[in-house]
Amino acid sequence: MNESLTSNDTTPIRPGEELDRSALLRELQRRISELDEDGSQREGGLQEAAALEIEQFPGGHSNLTYLIRLGQREFVLRRPPVGPVAPTAHDMPREFRLLRAVNPVFPLAPKPFLLCEDASIIGVPFYLMERRRGIVIRREVPREIGGDAVLRRRISEAMIDTLAALHRVNIYETGLEAIGKPVGFVSRQVKGWHERWRRSKTADVPEIDDVVQWLGERIPEEPDAKTGHGAALVHNDFKLDNVMLDVNDPSRVVAVLDWEMCTVGDPLVDLGILLCYWAEKDDPEARRESISPVTTGAGWMSRKEMTERYAEKTGRDVSRIAFYEAFALFKIAVVVQQIYFRYVKGQTHDERFAAFGPRVAGLARAALDLARVSGI
């Protein structure tokens, strides 16, 4: 998702990504009660005649996200990208239902309000969720944080502590085990991402083949087949720019965003993703620039420190974390390739994607470098 939900962070809608305002307003007016906090039509709530305003959040390379103003209330609308998308990807109904299940037990997940599966409204399924306000760190350090090294460390700690809290949610007591299949999760992930690569590649990249072989030979031990012991709720895209921070106290997390790929399984997949995106100053350029160079600055915890804090907070064995970090780098390479594939095929004309091709091999080489020094 990657949208920063602060007070003045939206932009005019990009050409080709407009929404049918009239059809959307009719649908929201028809289902107005679903948009109120408790489904009531109390005084001060939403009104059927409320004006509709639409703006776009500029961040993100995948799903499209809009600010919806309806009367005095604001919502976030999520929809798939324009053009053909990979099978099973960008599943708005699944993401809506995930948020509906996760929000009550992990309130940092935004509350969803309304799901529309009728493609005749804006051309694709979409849903509306609550808007939260705060800071989202992307490729530059926000002014609220600046060069404060102590604050940067506290934010680093908050990232790990939030991830540990997510993984402490008991998926069996809450019924969340039903959203996925914990046993065989990592093996399916490796195979699935390899298949995504085959469907989207535009040129041979030998490094990708080497990474896939290395991962396939080192699949970690799975959770117990009967009890699922060791499995947890997995966000599956937990990183700095999917976490929103309090404007007044940036060391406090106020939201975790982008639950599209959430499932249940091996929680170290989440830690691997966080580490993969947590660039350090000595990383190769392809890794720093293809992701975000923010955490290469002074004050941010190192990946080693992050891993140690996670182990301390959760008690989990992190001795094979290099597998998960390399897997995450491989996944990012595939995501970049999927976006580049859409650009090459003319399915998107966003010029941001024109230079994505060379990034794929660079990320794959970073994964291989990690694999070769891991000792596992």
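Read-outs: derived from the displayed coordinates by stated rules, not from any lab. Just so it is clear, the model here is predicted, and its values are computed rather than measured. Every residue, glycine as well, gets a Cβ built from its backbone with ideal geometry; the counts of neighbours run over all protein chains shown.
A few points about this structure:
- Order of Arg133, Arg352 - criterion: other Cβ atoms within 10 Å of each residue's Cβ, fewest first: Arg352, Arg133
- Placing pseudo-labels 7 Å out from each Cα toward the beta carbon at Ala149 and Arg132 gives an inter-label distance of 3.1 nm.
- Taking amide H as placed 1.01 Å from N in the peptide plane, Arg252 has its amide H under 5 Å from the amide H of Asp246, each at least 5 places away in sequence or on another chain.
- The value for region 246-370 of Rg(Cα) / (2.2 N^0.38 Å) is 1.17.
- Debye, to nearest 20: dipole size of the chain, +1 on Lys, Arg Cβ, -1 on Asp, Glu Cβ: 380
- 3J(HN,Hα) couplings calculated from phi for region 27-32 with the Karplus curve 6.51 cos²θ - 1.76 cosθ + 1.60 (θ = phi - 60°) are, in sequence order, 5, 5, 5, 5, 10, 4 Hz; Gly and Pro show x.
- Ranked from largest, the principal axis spans of the Cα set of the chain equal 64, 49, 44 Å.
- Exceedance of the 18 Å cut-off in Cα-Cα distance is limited, within the set Lys201/Lys345; Lys111/Lys239; Lys239/Lys331; Lys111/Lys331, to Lys111/Lys239; Lys111/Lys331.
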